[in-house]
Amino acid sequence: MIRRLYDWTMSLADTRHALWALAVVAFLESSVFPIPPDVLMIPMIIARPSRAFVIAGVALAASVVGGMFGYFIGWGMFESVGRPVLEFYGKDAYFDDFSTRYNEWGAWAVLIAGVTPFPYKVITILSGATGLNFTVFMIASVIARGLRFFIVAGLLWKFGAPIRDFIERRLGLMFTLFCVLLLGGFYLVKFL
């Protein structure tokens, strides 16, 4: 099923409404949809490199608005659905402790999920459920998603189709390694 959904999403890049389709996919991916907007962005930018940064801007705007929707899913549905389940199992106190710890590092969680292959939608919903400061959430989302989409757009604009394989297979790993090194550096500075 996921493969069919992936293929269908890819086919949207060839339509005259591709920019609108990208906006919808980027919005939904930030809260519920399993296919990332890069699947549409890459063929769109290869077909029209002169519009690379417009395409990245549309993906950024729609993704951040979709992230707001994910945040409000976590914020609005946690009390009605999530908390009663935790209370039934006697685990509601654990969630309160987790929320406190998450919110101390929440901006980093949003930044990391926004640029790495980790599902951003999980963090948007979790941020709402834990009550992460909305302004912090928004700033981290804009920075993370902007980095991700504009780096992809910039690479495709500069190098074209030959860089596609690197982006599809290795860019997520590169972002992940960068985040690990960054956090490791902060850890070393703080504790050494």
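The values are calculated or read from the model by the stated rules, or taken from the named source; none is laboratory data. Keep in mind the model is a prediction, meaning the values are calculated, not measured. Note: ideal-geometry Cβ built from the backbone for every residue, glycine included; neighbour counts use all protein chains shown. For accessibility, only protein heavy atoms count, side chains too; no ligands or nucleic acids. Shrake-Rupley method; radii C 1.70, N 1.55, O 1.52, S 1.80 Å.
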Practice item. Please find, within region 47-71, the residue that is farthest from the chain's Cα centre (by Cα) out of those that are under 12 Å from residue 18 (Cβ atoms) and not small (Gly, Ala, Ser). Key: 48
Review point. Based on what the data block shows, is residue 59 in contact with a Pro (Cβ under 6 Å, 6 or more places away or on another chain), open to solvent by less than 20 Å² (accessible area, probe 1.4 Å) and either modelled with pLDDT of 90 or more or of a type in the set (Lys, Arg) (or both)?
Key: yes
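Residues checked against (1) at pLDDT below 80; (2) surrounded by fewer than 21 Cβ atoms within 10 Å (Cβ to Cβ):
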{"residue": "101", "(1), (2)": "no, yes"}
{"residue": "108", "(1), (2)": "no, yes"}
{"residue": "125", "(1), (2)": "no, no"}
{"residue": "145", "(1), (2)": "no, no"}
{"residue": "187", "(1), (2)": "yes, yes"}
{"residue": "190", "(1), (2)": "yes, yes"}
Review point. In region 110-123, how many are part of a loop (DSSP other than H, G, I, E, B) and either buried (at least 19 other Cβ atoms within 10 Å of the Cβ) or of a type in the set (Ser, Thr, Tyr) (or both)?
Key: 1
Study note, to complete from the structure: Note on region 62-92: residues exposed (fewer than 14 other Cβ atoms within 10 Å of the Cβ) and among the hydroxyl-bearing types (Ser, Thr, Tyr) are 80, 89
Exercise for review: Please specify each residue of region 127-137 satisfying the condition of being open to solvent by 40 Å² or more (accessible area, probe 1.4 Å) and either touching a residue at least 60 places away in the same chain (Cβ under 8 Å) or part of a helix (DSSP H, G or I) (or both).
Suggested key: 134, 135, 136
Review point. Here are some conditions: (1) assigned to a helix (DSSP H, G or I); (2) at pLDDT below 90; (3) more than 20 Å from residue 39 (Cβ to Cβ). Residue 90 meets all but one. Which one does it not meet?
Key: (1)
**Study point:** Close pairs (7 angstrom Cβ cut-off, 6 or more residues apart or separate chains): modelled with pLDDT of 70 or more in region 2-24, open to solvent by 50 Å² or more (accessible area, probe 1.4 Å) and not in a helix (DSSP H, G or I) anywhere
**Key:** 21/15
Check your understanding: What are the residue pairs meeting all of these: first residue in region 87-108, first residue within 18 Å of residue 144 (Cβ to Cβ), second residue modelled with pLDDT of 80 or more and open to solvent by 70 Å² or more (accessible area, probe 1.4 Å), Cβ atoms under 8 Å, and 6 or more apart or on different chains?
Key -> 103/133; 106/133; 107/139
**Study point:** Residue, surrounded by the fewest Cβ atoms within 10 Å (Cβ to Cβ), within region 20-56, restricted to residues that are part of a helix (DSSP H, G or I) and among the β-branched types (Val, Ile, Thr)
**Key:** 54
Review point. Which of the residues spanning region 41-58 are in contact with a Leu (Cβ under 6 Å, 6 or more places away or on another chain) and closer than 17 Å to residue 114 by Cα?
Key: 58
